[in-house]
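Q: Here it is: the structure, laid out below.
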Amino acid sequence: MSAMIDVRKKWPFGFNKTNLPYFILGVLVIFGAMLLIDGPVTRAVAALPEIVRAPFRIITRAGNSDWILIPTLLGTIIGFIVARLNISSAIVQKSQVLFSFSLFIFASVGITGIVANLIKRLVGRARPMNFEEFGIFT
């Protein structure tokens with residue numbers, strides 16, 4: 001068989017030609033429901049007292065990645081420099097571990113942050129502070 005998709009092979013994530021359409025339909029229904037409730041929920045949350053909304057500012061702050069990007073960038077730089085000094089094999093080994101872990105975390109957080117921001121731009125949902133001015137989508 002020279003078709004592009006061989007339906008006889010195992011499909012990823014347990015999907016098959018029977019349940020994949022239901023999954024896609026479910027995802028579309030969820031997105032549609034989100035579009036319908038996004039505006040009312042945003043307005044309701046904005047009307048809550050400040051004491052209720054205050055903890056969400058902390059959660060939003062945790063979403064800003066500078067608190068993890070800066071230390072891991074420093075760890076990457078320090079680990080790289082110390083590993084090149086060849087002081088002793090134990091120090092070189094530990095600094096290589098520091099470099100590897102720091103670089104992995106820095107790249108993971110940085111790349112996912114870039115992807116998330118690209119998706120936010122594509123979706124175009126207004127920030128809550130601009131919601132009344134621009135509507136749900138800008």
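The values are calculated or read from the model by the stated rules, or taken from the named source; none is laboratory data. Note that the structure is predicted; figures quoted are calculated from it, not measured. Cβ: placed from backbone, ideal geometry, glycine included. Neighbour counts: every protein chain shown. SASA here: full protein model, heavy atoms, side chains in, ligands and nucleic acids out. Shrake-Rupley method; radii C 1.70, N 1.55, O 1.52, S 1.80 Å.
Q: Under 30 Å from Glu133 (Cβ atoms) and not charged (D, E, K, R): does that describe Ala90?
A: On the way: under 30 Å from Glu133 (Cβ atoms): no; not charged (D, E, K, R): yes.
For Ala90, the condition - under 30 Å from Glu133 (Cβ atoms) and not charged (D, E, K, R) - is not met.
Q: Taking segment 46-55, which residues are assigned to a helix (DSSP H, G or I) and modelled with pLDDT of 85 or more?
A: Taking segment 46-55 and keeping what is assigned to a helix (DSSP H, G or I), we get 46, 50-55.
Within segment 46-55, Glu50, Ile51, Val52, Arg53, Ala54, Pro55 meet the criteria.
Q: Shifting gears a bit: Could you list all residues from segment 8-48 that are among the hydroxyl-bearing types (Ser, Thr, Tyr) and under 22 Å from Ala126 (Cα atoms)?
A: Taking segment 8-48 first, the residues among the hydroxyl-bearing types (Ser, Thr, Tyr) are 18, 22, 42.
Result: Thr42, single match.
Q: Same structure, new question: Looking only at segment 72-93, count how many residues are over 21 Å from Ser108 (Cα atoms), open to solvent by 20 Å² or more (accessible area, probe 1.4 Å) and not β-branched (Val, Ile, Thr).
A: Count: 7.
Q: Still on this structure, I have one more. (1) surrounded by 10 or more Cβ atoms within 10 Å (Cβ to Cβ); (2) at pLDDT 90 or above: which one isn't true of Leu20, the others all being true?
A: Of (1) surrounded by 10 or more Cβ atoms within 10 Å (Cβ to Cβ); (2) at pLDDT 90 or above, only one is false for Leu20: (2).
Q: Return the pair list, or none, for Cβ contacts closer than 8 Å from residues in segment 74-97 that are on the phi > 0 side of the Ramachandran plot and without any contact (Cβ under 8 Å) to a residue 24 or more places away in the chain to residues that are of a type in the set (Lys, Arg) and open to solvent by less than 90 Å² (accessible area, probe 1.4 Å), at least 6 apart or on different chains.
A: none
Q: I'd like the full set of residues that are open to solvent by 100 Å² or more (accessible area, probe 1.4 Å) and hydrophobic (A, V, I, L, M, F, W, C), limited to segment 8-17. Talk me through it step by step, then tell me what you get.
A: Quick first cut of segment 8-17, residues open to solvent by 100 Å² or more (accessible area, probe 1.4 Å) only: 8-10, 13, 17.
Within segment 8-17, just Phe13 meets the criteria.
Q: Considering only residues of segment 81-123 that are among the β-branched types (Val, Ile, Thr) and more than 29 Å from Gly32 (Cα to Cα), which is modelled with the lowest pLDDT? Give the derivation first.
A: Quick first cut of segment 81-123, residues among the β-branched types (Val, Ile, Thr) only: 81-82, 87, 91-92, 97, 105, 109, 111-112, 114-115, 119, 123.
Subset that is more than 29 Å from Gly32 (Cα to Cα): 81-82, 87, 91-92, 97, 105, 109.
Details: Ile81: 95, Val82: 94, Ile87: 87, Ile91: 92, Val92: 92, Val97: 95, Ile105: 96, Val109: 94.
That would be Ile87.
Q: Where residues in segment 23-61 are charged (D, E, K, R) and within 22 Å of the chain's Cα centre (by Cα), which of them is least open to solvent (accessible area, probe 1.4 Å)? Don't jump to the end; show me each part of the working.
A: Within segment 23-61, the first condition is being charged (D, E, K, R), and the residues that meet it are 38, 43, 50, 53, 57, 61.
After this cut, where a residue has to be within 22 Å of the chain's Cα centre (by Cα) as well, the list is 38, 57, 61.
Details: Asp38: 35, Arg57: 135, Arg61: 117 Å².
The qualifying residue least open to solvent (accessible area, probe 1.4 Å) is Asp38.
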